[in-house]
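Scroll down for the structure; my scribbles are underneath it.
We did not get these values from a lab; they are worked out from the coordinates using the rules stated. Small disclaimer: the values here were computed from a predicted structure and weren't measured. Note that each Cβ is placed from the backbone with ideal geometry, even for glycine, and that neighbours are counted across all protein chains shown.
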Amino acid sequence: MEKVMEKVRIASIQDLPEKMGKTVRVGELELAVFKLGNGKVTAIENRCPHKGGVLAEGIVSGEHVFCPMHDWKICTTDGQVQAPDVGCVSTYKAVVENDDVFLLI
Amino acid sequence: MTKEKIVLIGNGMAGVRSIEELLKIDSDRFHITIFGEEPYPNYNRIQLSKVLQGDTEIADITLNDWNWYAKNNIQIYSGEKVMQIDAENKAVHTDKKRVVAYDKLIIATGSVPFIIPVPGHEKEGVTAFRDIKDCEKMINTSKEYKKASVIGGGLLGLEAARGLLNLGMDVNVIHLADVLMERQLDETAGKMLQKELEKQGMSFLMNKQTAEILGEDRVEGIRFGDGEQIETDLVVMAAGIRPNTSLAKESGIAVNRGILVNDYMETNIPDVYAVGECAEHREVVYGLVAPLYEQGKAMAAHICDEPAAGYEGSVLSTQLKVSGVDVFSVGEIVEEEETKTIKMFDDWKGVYKKVLIRDGKMAGAVLFGDTSEGNKLLRLINKKADVEEYIGAAEEAASGAGLVASMDDSELICGCNGVSKGDIVCAIKEKDLTTVDEVKGCTSASRSCGGCKPLVADLLAHTLGDSFDASIQKEAICGCTTLSRDEVVEAIREKGLSHTREVMNVLGWSTEGGCSKCRPALNYYLGMIKPKEYEDEKESRFVNERMHGNIQKDGTYSVVPRMYGGVTSAEDLRKIADVADKYKVPLIKVTGGQRIDLFGVKKEDLPGMWADLDMPSGYAYGKTLRTVKTCVGESFCRFGTQDSMGLGVRMEKKFERIGTPHKFKMAVSACPRNCAESGIKDLGVVGVDGGWELYVGGNGGTHLRAADLFCKVKTDEEVMEMIGAFMQYYREDAVYLERTSVWVERVGLDHIKEVLADKATRDALNARIDEALSVTKEPWKEVIDSEKTRKELYETELVSATK
Ligand code: SRM
Ligand SMILES: Cc1cc2nc3c(=O)[nH]c(=O)nc-3n(C[C@H](O)[C@H](O)[C@H](O)COP(=O)(O)OP(=O)(O)OC[C@H]3O[C@@H](n4cnc5c(N)ncnc54)[C@H](O)[C@@H]3O)c2cc1C
Ligand code: SF4
Ligand code: FES
């Protein structure tokens, strides 16, 4: 079945804190949106696969975020938990157009 | 030209080490593929015992991370099992239907734990102790259940039992024989070991044969051959291991107990090798890494067509990795008619030594209680030295330095990794190494079990002579760098570095952006060195310190306002009550630190709540001054000799908000009855007639430590001066996340006393802490006043979508 994507605006790029996460709620979904050091914006679900830690509050390093609960390291671009832990979170596509940040949901 | 294709089955310690040996000889010659059934990169299985005992974490035991595979162009398929070897067509088939061809095949499938096939062995709650998965299972079980039983009183079983004790479980060890570790220890040592472990809290059921595991789906008990039963929630089978040979056997490779190999680790099938615990060499199957690494080396030389002597077998030594117990055993341990022994037994001190001699030559030894001679004995027994050499050597300096000096260059320092004295000395000289960590990085010595670390340190001291600096023998601050805390701090000072990013760039961090260990540490060091210039990096702060509240497991926060010295007023209590009502706070609790905590506050509500409270943050979340507990003191108490509340409030007001390496707690009691628990604080003050006593380095947390008496002073002013100096010296000298209790033990109380004895030094330290204090700001107020911070950190973007 073809999935229909919706493009929603979440914030202007200046409103996102640099190298930190931002909690974004879209309907039922809660996402962690990151503006990385290289300016890229990434979005993943805001629940750690370990015990549900809020990832938006983690320490961001490069493209990764460290969960604030027990320090799992998760890639914010592909959602993969890094070894030695295992698991993954859903990722969402974020696009920046002019000053606006959009999510494809 | 196409490269020779090597396929390795088994991504474990022996297999991957062999690949490292191949790469060492020729890094370019092969195209290498590795299959590993476990979903991890190669990790240090030995350290699982330490993980279980809580001394290290799974994240820290990786030996070769994913980058290593990529960097060496190794194709790794992890979480994938090889199902069949097609020796005729030279290819392997996997459970993911992958077929990969090889020119040379290495089988390193290790062992499988032996699960005693008694009725009920498949029940939930029965586990082996072999891999990360087992380790996690035990840790998780310990969170819900209390009673554990370990079947098997050998090395593995005892290490598991110690781990389960540390996890808070009651532990029974069930053993078939009447002596523990009977393969490595004689009766005397085995009984001494049992006594010691009983003291540590283990219970033993000796001479017991397990007959049945009882319970419904989950284990509830064990029944023994003699009819006796015990209750248990967890059964750890540590009754031995079996070489994992099924794949080889099914593929037509000759197998006895293990896969049969010659001195070059070749099996009976051309171009198929076997190495590690799955292999049987000259009728011996090894279960420790040192011989396996030697095998890997011999095999690699053979594969690369280098002239080599081949592997000739090893003499084994064992050590038990249980803290507080020193046992060592090597070679032959059982006395026979034609052997003679040298024995020493001191029941009082709990020390036992037995050296076994055969035909005048050193043949084996058992040590208990004092294992300092272990390395020397291993060396002598390995070369079958004459007993005279041992007796002669006993008189020479027994110190470590004397020992390393007397060793030949070819003798092994690190048995696990096969690193000789010569290798290490050479590396130290050629690469100007100065720390044990650097030696480990360059030579692999002490990388596996870590038992030889003291020897490496001795050798370093011996080789460097006067230029050896014992104080820098520290660990790297995290995996992103090899530099220690002192090296980093020195570089920041010398080079005038001013941002975490700059530190990482200039000092050659191996990761982009650091990690959750080094970033907060660097942020602290930079702020400590230049309190006035450095701009704190929110993004390098752990969530609690960034958000100024303790994060809870459901993502809400707790709010703890200051209550200086534990003294409050009706007005403040009313404010707290009103705020709790207004924001529907789910739990209000008096903390162990003499103040009130409001739990379960939503992130979005924090700024509003702080504004309504209009009280300063109590920093219940910070690496800073937490509380100053006080007792009621002279104003009301019939024993009080001093104004403890007054002094406590003054201390808290002066030092609140100062950043420290770890949290810092203080207390003031007005008499030695110590109602404010001054004896377990980072800095505790106790009132005595005509003055105050100051205690430092106490800790009431994980590792309880009574504070040491630091000094006695007469006036409140002197107390404040001492605290300022002590705190600033701790700020400047300790490693980030090192509590004063650990710091005081590391650098020594006398050393700190000596430094602070000098008035000029104290004044300088106080001037520096005053400077740092002068720029601190009330964090809750800052958030209330900054719309930008409120928006960035505390607001959730709500976006509506049509579906
Ligand atoms: C709230 C409080 C428990 C309570 O309900 O009473 C508390 C709560 C926490 N303590 Fe504590 N500790 C509290 C008093 C203590 C005390 C008692 C004291 O201060 O007199 C101790 C032992 C004394 C000591 O530290 O020497 C204590 C020793 C610890 C430790 C072990 C520290 C150590 O060096 O071993 C930790 C873990 C750590 O810091 O790494 C810890 C960590 C924690 C954390 C922050 C766990 C965490 O990292 O999330 C808890 C936050 C709970 C939350 O959700 O907000 N807490 N904690 C107490 C707050 C006191 C305050 O007013 O600030
Ligand atoms: C808790 C514990 C403590 C220990 N302590 C010590 C100690 O103090 N000192 C010491 O010297 N030794 C110690 N050992 C023993 C040491 O860990 C082993 O000797 C060593 O790991 C063996 O290496 P190996 O490569 O032969 O096997 P392993 O490290 O077990 O590696 C074999 C790997 O092959 C994989 N595999 C198996 N079959 C297949 C297949 N068909 N396809 C793909 N992959 C497969 C397995 O999943 C495994 O990961 C300890 C072991 C344990 C469990
Ligand atoms: S003792 Fe402290 S850290 Fe442990 S659960 Fe209680 S509050 Fe949390
Ligand atoms: S909840 Fe994320 S690491 Fe535990």
Rounded to the nearest 0.05, what FRET efficiency do B:LYS340 and B:ASN256 have when you use their Cβ-Cβ distance and R0 = 41 Å? 0.75
Go ahead and collect, in residue order, the members of segment B:82-115 whose backbone nitrogen is under 12 Å from a label point 7 Å along the Cα-Cβ direction of B:HIS31. B:100-103
Shielding of A:16-26 by partners, i.e. mean partner chain Cβ atoms within 10 Å per residue? 5
Calculate how many DSSP beta bridges within segment B:81-233 are antiparallel, expressed in % of all such bridges and rounded to the nearest 5. 60 percent
So what's the angle, to the nearest 10 degrees on a 0 to 90 scale, between helix B:485-495 and the longest Cα principal axis of chain B? 60 degrees
Percentage, to the nearest whole number, of Cα pairs in segment B:277-345 over 13 Å apart: 75 percent
Which value in nm describes the separation of the simple spin-label points at B:ARG282 and B:ALA70, placed 7 Å from the Cα toward the beta carbon? 4.4 nm
Neighbour-count order for B:ASP370, B:ASP347, fewest beta carbons within 10 angstrom listed first: B:ASP347, B:ASP370
Principal-axis tilt of helix B:132-144 within chain B, Cα atoms, nearest 10 degrees: 40 degrees
Range of Cα positions in segment B:592-653 per principal axis (Å), largest first: 47, 23, 20
Please report how far the C-alpha centroid of segment B:719-797 lies from that of segment B:333-368, rounded to the nearest whole angstrom. 55 Å
Expressed in angstrom and rounded, the centroid-to-centroid distance over alpha carbons for segment B:636-675 and segment B:128-196 is 45 Å
Scale the Cα Rg of segment A:7-104 by the rule-of-thumb value 2.2 N^0.38 Å and send over the ratio, two decimals. 0.99
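Across chain B, how large is the tail of the calculated P(r) beyond 37 Å, expressed as a percent of all Cα pairs?
Counting pairs separated by more than 37 Å, the tail of P(r) holds 56 percent.
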Can you give the log10 of the normalised intensity I(q)/I(0) at q = 0.14, 0.21 Å⁻¹, computed with Debye over equal Cα scatterers of segment B:559-688? -0.64, -1.16
What number do you get for the protein assembly as shown when its Cα radius of gyration is normalised by 2.2 N^0.38 Å, N = residues? 1.05
Under a plain spin-label model, where a point goes 7 Å from the Cα along Cα-to-Cβ, how far apart in nm are B:LYS714 and B:GLU604? 6.2 nm
222 nm mean residue ellipticity, helices alone, for chain B (DSSP H n ≥ 4; -39,500 (n - 2.57); rounded to 500): -9500 deg cm²/dmol
DSSP beta bridges in the protein assembly as shown: the antiparallel percent, rounded to 5, is 70 percent
So what's Rg/Rh here for segment B:625-777, counting alpha carbon atoms and using the Kirkwood radius for Rh? 0.94
Full-extension gain in nm, B:LYS97 to B:ASN207, via 0.36 nm per residue minus C-alpha separation: 34.8 nm
Among A:TRP72, B:TRP509, what is the fewest-to-most ranking by other Cβ atoms within 10 Å? B:TRP509, A:TRP72
Note down the Stokes-Einstein diffusion coefficient of segment B:126-239 in µm²/s, whole number, using a Kirkwood radius over alpha carbon pairs, 37 °C, and 0.692 mPa s. 233 µm²/s
Residue-averaged beta-carbon neighbours from other chains (10 angstrom radius) around A:34-40: 1
If packing is taken as the average count of other Cβ atoms within 10 Å, what order do B:279-285, B:453-459, A:94-100 fall into, highest mean first? B:453-459, B:279-285, A:94-100
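Want the number for B:GLN552 to B:LEU587: 0.36 nm per residue separation, take away the alpha-carbon distance, what's left?
On the way: separation 35, 0.36 × 35 = 12.60 nm, distance 1.24 nm.
Taking B:GLN552 through B:LEU587 to full extension adds about 11.4 nm, to one decimal.
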For segment B:625-777, share of DSSP beta bridges that run antiparallel, in % to the nearest 5: 60 percent
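R0 = 25 Å: FRET efficiency of B:GLU754 with B:ARG493, Cβ-based, nearest 0.05?
0.65
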Would you please state the base-10 log of I(q)/I(0) at q = 0.14 1/Å for segment B:485-540, with intensities from the Debye formula using one equal scatterer on every alpha carbon? -0.30
In segment B:157-316, lysine pairs closer than 28 Å at Cα, eight or more apart or cross-chain: 5
Using the 10 angstrom Cβ neighbour count as an exposure proxy, how do B:LEU367, B:LEU8, B:LEU176 rank, fewest first? B:LEU176, B:LEU367, B:LEU8
For segment A:7-104, the count of lysine pairs 8 or more apart or interchain whose alpha-carbon atoms are under 21 Å apart comes to 19
Per residue, how much space in cubic angstrom lies within the convex hull of the C-alpha atoms of segment B:45-110? 119 Å³
Which whole number gives the average count of other chain Cβ atoms within 10 Å of the Cβ atoms across peptide A:57-70? 6
Taking the Cα centre of segment B:485-540 as origin, work out the dipole magnitude from +1 charges on Lys and Arg Cβ and -1 charges on Asp and Glu Cβ, in debye rounded to 20. 80 debye
Taking one equal scatterer on every alpha-carbon of segment B:85-127, how large is log10 of I(q)/I(0) by Debye at q = 0.16, 0.29 1/Å? -0.65, -1.07
Span from the segment B:504-529 Cα centroid across to the segment B:284-327 one, whole angstrom: 39 Å
Report, by chain and number, residues whose modeled amide H sits under 5 Å from the one on B:GLU280, excluding near sequence neighbours (fewer than 5 apart, same chain). B:GLY258, B:ILE259, B:LEU260, B:VAL261
Rank A:VAL60, A:VAL89, A:VAL26 by mean-square fluctuation in a GNM of chain A with C-alpha springs under 10 angstrom and give only the top-ranked residue. A:VAL26
Round to the nearest 0.05 the FRET efficiency obtained for A:GLN14 and A:LYS51 when R0 = 41 Å and r is the Cβ-Cβ distance. 0.75
Compute the distance in nm between two label points, each set 7 Å from the Cα along the Cα-to-Cβ direction, one at B:THR188 and one at B:ASP536. 6.2 nm
